[in-house]
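Chemist: What follows is a structure written as structure tokens; I'll ask about it next.
Any read-out appearing in this document is the output of simple, stated calculations on the displayed coordinates, not a laboratory observation. From a predicted model like this one, the values you see are computed outputs, not experimental measurements. Reconstructed Cβ throughout: ideal geometry from the backbone, glycine too, with neighbour counts over all protein chains shown.
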Amino acid sequence: YRLNILLAGMNPFYFHAVNVILHCLVTLVLMYTCDKAVFKDCRLAFVTALFFAVHPIHTEAVTGIVGRADVLACLLFLLAFLSYNRSVDQLYVGEHFPPTASPFFLLLSLFLGTCAMLVKETGVTVFGVCLVYDFFSLSYNGPKLTNGGVHPRAARLPVPPPCGSPLSGRENGKQPRFAPRGAWSSCPPAPPREQPSGGLAVPSRAVWAIRSYLTANNNQNFLYTARPFLKRAALVISYVILVLYFRLWIMGGSMPMFSEQDNPASFSPYLLTRFLTYSYLLAFNAWLLLAPITLCYDWQVGSIPLVESIWDVRNLATVFLVLVMTLLSLHCIAAFKKLEHKEVLVGLLFLVFPFIPASNLFFRVGFVVAERVLYMPSMGYCILFVHGLKKLSTWLNKWRISVPTLFALLLLLFSWKTVKQNEIWLSRESLFSSGVKTLPHNAKVHYNYANFLKDQGRNIEAIYHYKTALKLYPRHASALNNLGTLTKDVVEAKNYYRRALQLNPQHNRALFNLGNLLKSQGKKEEAVILLRDSIKYGPEFADAYSSLASLLAEQ
């Protein structure tokens, strides 16, 4: 932001231009990441990036200037992941887990991950993604046998690097060199996959994979072979603890404070209500990624009613999400013995880990749903979607359904929705009025729209939306205060101010307005107390100082 102001002043065009440029960079780096670490077919990396570029859920993060935190953190997240990926020797075949080939890239990954955390708290989850990806993918070589030996064929034949690998090979025992990247079309075709061995179901195969991997050797032998990975994990975990402590110290040793209207579920006294609502919100966020039909700039008060009973039909969405995520996880675990379906592993990691800080699992967050926090998890969704579409292509072709045509139609539909969402963000009026149309049962959008109408001098319409907000959320202290400023009846205005202070005794605006009202009625002693309290709870509220000064000057 400082660079924006230094180079172009307070011109909003350049703020938006930087956001769009950052989004383009994230899209390109995502394509590069998918090409290097996810897909064997380079074209799928391009399709994933294309799908990510036009997803409507990104509108708030890219169009809203404050969303730069999410976009920039996502860029640093990907760069940290790529650096960690490059630090591990991916061509190593032997008894041990692959060693750290480049300490420089490992340290660079730690630095970029720290920068991502300082931009946005969710950036710290990149370290968890790196460690899990290291254990399941980088640190497991196909030629290894369960007894710690090496497959004889692997001892004779060189292992070709995967398509898009930055490592071109070894020469004379030296460190691998980085080969120049050619055209995507020059990627060698993927080797034929080994056929699955039989009729084991996915869950039983998953259990077998874990048992054979972790219990084939004794613990001492496992610790011996996994020593390189454990060293990296110890370094990363120790560093994460240190930077989290640093982050908490920056925040003064305490978490942010939020009100009930920010996150109603977290203030519910019933554990069941909190659990069911939090679980449903996970399914709701997944639905926004899958079908971004209803989008709004604010999902707070009243947007999503609390789930207070196990018989609520919305729990079916939660159960369905749990079922899908469980099957994907089991499928991923069952496949990791043969290094198959790396797409599912990376997709799940990119989808789940960046969303954990916004899930209310570890601490209370200041929103019910926020579309901008889905910017980073949407990378995982796009990877899983493209991988699933590839798997369905064979079945769809039997029905003579063109997969490229379907994907093109979906891209056009998402592009159209993104353009329409950008039109909503063109002005304050279009943004706030869209919220009233989209979520008429949301008290916050009525309050925001009433503030706009009040600033425009449209007091009758503003009073209507303030009263609507109070019907939806009777404990909205700011709506009561603002309604009092528009009321011509002095008695009624005083009543609104007192009700606002009953709900929030530290509401400095209500204290100021009630103090001025009592001052006009000659009740100067009460007015002085209220104005002093207004200054106490709002020390930067200049109008309160001015009003108190004039009152004291009269005395």
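Chemist: Can you work out ³J(HN,Hα) from phi for every residue in region 359-367, in order, using Karplus 6.51 cos²θ - 1.76 cosθ + 1.60 and θ = phi - 60°, giving whole Hz and x for Gly and Pro?
Modeler: Calculated HN-Hα couplings, in order: 9, 6, 6, 10, 7, 6, 10, x, 7 Hz.
Chemist: Let me ask something else. For region 428-554, compute Rh as the Kirkwood radius over C-alpha pairs and then the Stokes-Einstein diffusion coefficient at 10 °C and 1.306 mPa s; write the answer in µm²/s, rounded to an integer.
Modeler: Details: Rh = 15.1 Å.
Rounded to a whole number, D works out at 105 µm²/s.
Chemist: Would you mind putting 44-57, 482-495, 512-525 in packing order, based on average other-beta-carbon counts within 10 Å, highest first?
Modeler: Numbers: 44-57: 21.2, 482-495: 15.9, 512-525: 17.4.
Highest to lowest by the protection proxy: 44-57, 512-525, 482-495.
Chemist: Quick check: Cα centre of region 308-387 to Cα centre of region 393-434, how many Å?
Modeler: First find each Cα centre; the distance between them is then 22 Å.
Chemist: If you don't mind, there's one more thing I want to ask. Would you please classify the overall shape of region 1-144 from the alpha carbon gyration tensor, given that a ≥ b ≥ c denote the square roots of the eigenvalues, rounded means a/c under 1.5, and beyond that prolate means a/b larger than b/c while oblate covers the rest?
Modeler: Working: a/c = 2.93, a/b = 1.85, b/c = 1.58.
Note, shape of region 1-144 comes out prolate.
Chemist: Another question about this same structure. Taking the Cα centroid of region 491-543 and of region 1-39, what is the distance between the two, rounded to the nearest whole Å?
Modeler: Comparing the Cα centres of region 491-543 and region 1-39, I get a distance of 45 Å.
Chemist: For every other residue with a beta carbon closer than 14 angstrom to the beta carbon of residue 15, add +1 if it is Lys or Arg and -1 if Asp or Glu, then tell me the sum.
Modeler: On the way: positive: 2, 68; negative: none.
For residues surrounding residue 15, the net value is +2.
Chemist: Same structure again: For each pair in 36/390; 36/417; 454/519; 488/519, compute the distance between the two Cα atoms and list the pairs where it is over 21 Å. Mind showing how you got there, number by number?
Modeler: Details: 36/390 18 Å; 36/417 31 Å; 454/519 24 Å; 488/519 17 Å.
Pairs exceeding the cut-off: 36/417; 454/519.
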